[in-house]
1. Residue by residue through region 121-171, note down the ones that are aliphatic (A, V, I, L, M) and buried (at least 17 other Cβ atoms within 10 Å of the Cβ).
2. Can you tell me how many residues in region 187-212 are buried (at least 24 other Cβ atoms within 10 Å of the Cβ) and modelled with pLDDT under 95?
3. Being farther than 30 Å from D239 by Cα, modelled with pLDDT of 85 or more and assigned to a helix (DSSP H, G or I) is the filter here, so list the residues in region 296-348 that pass it.
4. Show the residue pairs that are 6+ apart or on different chains and have beta-carbon atoms under 7 Å apart, the first residue being within region 237-254 and more than 14 Å from L183 (Cα to Cα), the second being surrounded by fewer than 14 Cβ atoms within 10 Å (Cβ to Cβ) and hydroxyl-bearing (S, T, Y).
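The values are calculated or read from the model by the stated rules, or taken from the named source; none is laboratory data. None of these values were measured; they are calculated from a predicted model. No Cβ is skipped: glycine too gets one built from the backbone with ideal geometry, and neighbour counts run over all protein chains shown.
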Amino acid sequence: MSTVSVVIPCYRYGHYLADCVSSVLDEQPGVDVRVLIIDDASPDDSAEVARKLAATDSRIEVRVHETNKGHIATYNEGLLEWADGDYTVLLSADDRLTPGALTRAAALLDASPRVGFVYGHPIHFQHGKPLPPARTRLRGTTVYPGGWWLERRFKEAHGCITSPEVVVRTSLQREVGGYDPELPHAGDVEMWMRLAARADVGYLRGVDQAYYRRHGENMSATEFGGQMDDLRQNKTAYDSVIAKCGDRIPRACPLADTVNRKLARLALRRAVRAYDRGRTDVVPEAELVAFAAECWPAYRTLPEYRGLRLRRRIGARAMPYLQPLVLTAVVAKGREWLWWKSWRLRGI
């Protein structure tokens, strides 16, 4: 029977702990599970709640920090110092697993020694609303070559993983090390890419593997000012993977160019949307354009920048009202260009 070590970091989330731990210990048949709850010096009764849970089940251990160490140090303590099962899960105290999630992931890892981690679809649900039903009937599995999966992340500039739906081979986790303290908001995507640089990636099709709770306290919840932090952290994450794993990535330089161009386009799109939605008073347009220039010096050649120039000429006040007309004109122009190109090709 496979063993799974589940690390549950907790800071002021004691009121979620019972539900989180129950999803790990009561709904995962066929695997031997142990849980470590690490309370990071919560100012409320989270530590007391954790200790009460541990008193009822010998599979639960609790560590309580006397001073707050931050989430990255807390993650690494559990993953690198405590976890000793075949596989490891990092699960926030406000999230939970779906029934059989560990059973399905462990089966794929058992059958495929080259797979370093497994993930599936997460259900995002709003706090305070009923828990949506989870799909638990497996439709199949896919094993992606690690290099191919890693290239996809660079081409999309997106991690595609929330976090609680991932189960990692513990030996690989120790090989790559812990979360990077320089990446407090993009450490997850950087970690998945480092893992993929050394192993294949497994995907569970047709099932939901975890619940991710949305609420105002989420670390990932950001307003417009946080958009710049999000972009910069993503760039730093990709730069970090190139620096740490470049020798394992065959096309490292072209992929770095690809992701930087993609990030520049994403920054410019945010500036464009600010005009379309009448939010130029709160969206840092100048910073977004400066970031695009940093990522891709030829940013003025990008279609998003041409769209931004048009919106600047129209003006922030009028743009929300004229947006449908602008989009229609852009689509019509694109169709006209495609017709002209096809006509030229027919004439060759």
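1. Kept after step one, since they are aliphatic (A, V, I, L, M), are these residues of region 121-171: 123, 131, 134, 138, 143, 150, 157, 161, 166-168.
I123, A134, L150, A157, I161, V166, V167, V168 - these are the residues of region 121-171 that are aliphatic (A, V, I, L, M) and buried (at least 17 other Cβ atoms within 10 Å of the Cβ).
2. 0
3. First pass over region 296-348, keeping only residues farther than 30 Å from D239 by Cα: 310-348.
Those still in the list that are modelled with pLDDT of 85 or more too: 310-320.
L310, R311, R312, R313, I314, M319, P320 - these are the residues of region 296-348 that are farther than 30 Å from D239 by Cα, modelled with pLDDT of 85 or more and assigned to a helix (DSSP H, G or I).
4. Short answer, once both residue conditions are applied: none.
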